[in-house]
Amino acid sequence: MSNRREFIVQLSTGAGLALASAGAMASGPMLAESDAQAGALGYKADASKVDKTKFPKYAAGQNCTSCALYQGKASDAAGGCPLFAGKQVAGKGWCSAWAKKA
């Protein structure tokens with residue numbers, strides 16, 4: 001599972017950088033939790049509402065602003081994410097692809 005997550009992160013980061021350079025990540029609609037991709041990755045706009053039994057790797061303090069994939073500033077309420085191209089995620093959100101920012 002770890003290798004799959006690393007592959008997704010690397011693939012997504014490369015795709016995200018390409019889109020960001022084209023300006024596609026600058027703004028867009030907010031990602032809905034009902035979105036198919038959001039559901040597949042367990043996205044929650046409020047990380048405190050993550051089902052810890054379904055996602056046991058979730059830990060307090062993990063949210064989009066502390067994720068390596070988050071395109072916004074740590075102080076932004078929302079920002080882009082290469083996993084959800086063209087849509088913004090909540091800074092306080094979380095998904096199962098969360099990866100610690102370096």
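Here, each number is a calculation from the coordinates, and none is a lab measurement. All figures in this text were calculated on a predicted structure; none of them were measured in a lab. Here Cβ is always computed from backbone atoms with ideal geometry, including for glycine, and neighbour counts include all displayed protein chains.
Expressed in nm to one decimal, what extension gain is obtained for the pair A77 and D46 from 0.36 nm per residue of sequence separation less their Cα-Cα distance?
Numbers: separation 31, 0.36 × 31 = 11.16 nm, distance 1.14 nm.
Result for the pair: 10.0 nm of gain on full extension.
The slack between A36 and R5, meaning 0.36 nm per residue of separation minus the straight C-alpha distance, is 9.3 nm. Put a dot 7 Å past the Cα of A68, heading toward its Cβ, do the same for K92, and the two dots end up 2.7 nm apart. Taking a Cβ cut-off of under 15 Å around A99, the surrounding Lys, Arg, Asp and Glu residues balance to a net charge of +4, with basic ones at +1 and acidic ones at -1.
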